[in-house]
Every structure is written in structure tokens, then in C-alpha cells.
Amino acid sequence: MAPAISCEKCGAKLRSGHDRCPRCRAFIRVADPARQRETSRKLARISAATAATFLVLLAGLWIWREWKTPRSVAKSAAAPAVATPRAVAQPVIEPARPLPQIGRDRPFLDAKGAGAAAYQEGDYAAALADFQAALEKNPKDTDALSNLGQILVKMNRPADAIPYLARAASLAPDRWAYQFNLARALGLVGRLDESIEGYRHAQELFPNDYVTTFNLALSLHKHGDDAAAVDQYQKAINLQPEDASFRKALAISYERLQKGPEASAAYQEYLRLSPAAPDADKIRERITELAGTLAPSS
């Protein structure tokens with residue numbers, strides 16, 4: 001009896017010999033048993049070859065890993081129980097070198113750097129020599145010029161400082177510090193007109209600096225222009241209201257202008273801000289005098 005077959009499309013069971021399915025009228029394909037067997041044999045050979053290739057690769061990887069892994073050398077039976085150690089070259093460690101001292105003992109600093117370090121240590125003579133050496137290399141080095149001038153001022157040589165400070169200010173007229181330092185040195189030697197002019201220039205560059213404003217007021221007072229000094233003192237007080245010395249200086253200028261009440265008020269503000277000042281008792285006496293008859297201050 002011929003085996004029943006199934007329709008591939010609808011799954012209906014039918015006897016062999018039919019060309020089309022009686023249910024869905026799909027064509028019936030009759031499988032060739034010999035061809036199916038050949039296909040099965042080919043698939044089996046492919047699977048076997050794939051498995052063999054995998055095994056070969058696996059074995060190769062294992063052999064390669066074994067070859068790369070270092071093996072310890074087996075000790076010979078004739079070797080002594082305690083092996084003689086081999087001499088191993090040890091790294092040479094140099095003794096620690098002492099750190100260089102700050103200042104002129106640091107040869108890796110340039111002249112300006114050495115001068116700045118010496119200045120910080122208070123060695124003004126060494127700093128002076130270093131900045132002079134820097135100027136020999138570059139006569140237009142404004143920082144070296146300004147620093148050299150300030151060192152000379154520190155050494156109580158303001159007259160010698162002025163040429164260096166003036167050159168720095170002329171090379172860099174927009175640098176506030178250069179103008180301020182020059183004005184201060186000019187004031188120290190009594191060249192008040194030039195000092196006032198220098199402070200005004202510095203004030204234009206840095207309007208909110210209360211030190212510049214106060215120094216300008218002092219120069220005006222020394223020059224005899226107390227009206228202008230009062231104006232600058234008041235500006236300085238507005239910029240730094242907690243500085244008691246500004247009120248005392250203002251009071252002195254008011255006294256010169258014969259303005260007793262204003263002077264008394266300024267002195268009182270001085271005592272309020274600095275009640276334990278060394279001259280507090282003298283200031284109280286002066287306030288009492290101003291309350292009676294105005295007398296010129298010393």
C-alpha cells in the first residue's frame with residue numbers, strides 16, 4: 001500500500017498519485033527518496049568537517065598558550081641543596097643635594113629675579129646690584145628701572161632714585177605705579193610742584209585709590225594750598241572712611257583755613273575712630289581750645 005502524503009499548503013491527507021489537492025487545488029510535489037538521502041549525506045559531511053575544524057583550532061590555541069607560558073626550570077638532581085646567589089647590580093642612589101638658598105645663591109634666576117628675591121630678604125645692596133645688572137642688558141626695562149628707584153628710596157637716597165623712576169614713567173606713562181612712585185620720590189626731596197603734578201597724573205589713572213588721593217592732599221597741604229588739600233582729604237575719606245589719620249589731617253588743614261568748627265568736628269571724628277590713639281589727650285585739649293578761641297595749630 002502506498003503511503004499517504006500531505007498537502008504542503010492546507011495540510012490535507014491524501015493518497016499518493018494525486019497531482020493536485022482535492023481541497024485547495026494546490027499542486028502536489030512528490031519527494032524523491034533518493035535525492036533526500038543524498039541531501040542528508042551532504043549535510044552530515046558538512047557537519048563533520050565543521051566539528052573537525054573547530055577541534056583543530058582548539059588544539060592549536062592550547063598549544064600556543066602552553067608555548068607562551070614561562071616554565072620553571074626543573075632542578076637537577078645533582079644540583080646543590082643551596083644554590084649560590086648571583087650578584088645583581090644595584091642601582092646607584094646619589095646622595096640628596098641641598099636645596100639652593102633663596103636670593104643671590106640661586107644661579108638659575110635672572111638678574112631681575114635675583115634682585116626681587118634679595119629685596120624680599122631685605123638685602124637692598126644685593127638687590128640694587130642685580131637690578132643694575134638687568135639694566136645693563138636692557139636699559140629700557142621699565143620694571144627694572146622702577147624697582148631700582150624704589151630700592152634707592154628704601155636706602156634713603158630719593159634724589160638718586162628720581163632719574164630711574166622718571167625714565168620708567170616716561171617709557172610707560174599709563175602705568176599708575178610708575179607715576180605714583182615718581183611723585184612720592186619728588187615729594188621726599190621737596191619738589192612739591194612736580195610731586196603734585198605726578199600725583200594728579202596717577203589719580204587720573206587710578207581715581208579710586210585712596211592712598212594716591214591722600215598723598216596728593218598732603219602734598220597740597222605742604223605746598224600751602226589747604227583749600228585744595230581739604231577737597232582731596234574729603235575724597236580720600238569717602239574712599240576709605242575708617243582711616244582715622246585722614247580726619248586728623250583734614251582738621252589741621254581746616255585750622256589753617258581758620259575754620260574752627262569744621263576742625264573741631266574732624267578732630268572728634270578722629271577720636272571716635274581711634275579713641276586709644278597716642279595723641280588722644282592732646283587732641284581733646286585742642287578741641288577744648290577750639291571751642292573757646294581759635295588758635296593756630298602747630
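The values are calculated or read from the model by the stated rules, or taken from the named source; none is laboratory data. Values in this document were obtained by computation on a predicted structure and should not be read as measured data. Ideal geometry is used to build each Cβ from the backbone, glycine not excepted, and the neighbour counts take in all protein chains shown. Side chains included, ligands, DNA and RNA excluded: accessible areas come from the protein's heavy atoms. Shrake-Rupley method; radii C 1.70, N 1.55, O 1.52, S 1.80 Å.
Starting from residues that are of a type outside the set (A, V, I, L, M), open to solvent by 10 Å² or more (accessible area, probe 1.4 Å) and in contact with a Pro (Cβ under 9 Å, 6 or more places away or on another chain), keep the ones in region 248-283 and report whichever is nearest to residue 223 (Cα to Cα).
Restricting to residues being of a type outside the set (A, V, I, L, M), open to solvent by 10 Å² or more (accessible area, probe 1.4 Å) and in contact with a Pro (Cβ under 9 Å, 6 or more places away or on another chain), the top hit is 256.
Is it the case that some residue within region 175-187 is open to solvent by 40 Å² or more (accessible area, probe 1.4 Å) and closer than 30 Å to residue 262 by Cβ? Explain how you work it out, then say what you get.
Residues of region 175-187 open to solvent by 40 Å² or more (accessible area, probe 1.4 Å): 175-176, 184.
Okay, now just the ones that are also closer than 30 Å to residue 262 by Cβ, so 184.
Yes, region 175-187 has at least one match.
Listed residues 172, 236, 227, 217; which is small (Gly, Ala, Ser), closer than 22 Å to residue 150 by Cβ and touching a residue at least 24 places away in the same chain (Cβ under 8 Å)?
172
Could you run through region 212-263 and say how many residues are more than 19 Å from residue 183 (Cα to Cα) and hydrophobic (A, V, I, L, M, F, W, C)?
Residues that pass the stated criteria total 12.
Count, please, the residues in region 188-206 that happen to be of a type in the set (Ser, Thr, Tyr) and surrounded by fewer than 24 Cβ atoms within 10 Å (Cβ to Cβ).
0
Considering region 120-151 alone, what residues qualify as being within 12 Å of residue 164 (Cα to Cα) and small (Gly, Ala, Ser)?
144, 146, 149
So for region 123-138 (the condition being within 30 Å of the chain's Cα centre (by Cα), more than 24 Å from residue 187 (Cβ to Cβ), modelled with pLDDT of 90 or more and not in a helix (DSSP H, G or I)), does at least one residue qualify?
Within region 123-138, one or more residues are within 30 Å of the chain's Cα centre (by Cα), more than 24 Å from residue 187 (Cβ to Cβ), modelled with pLDDT of 90 or more and not in a helix (DSSP H, G or I).
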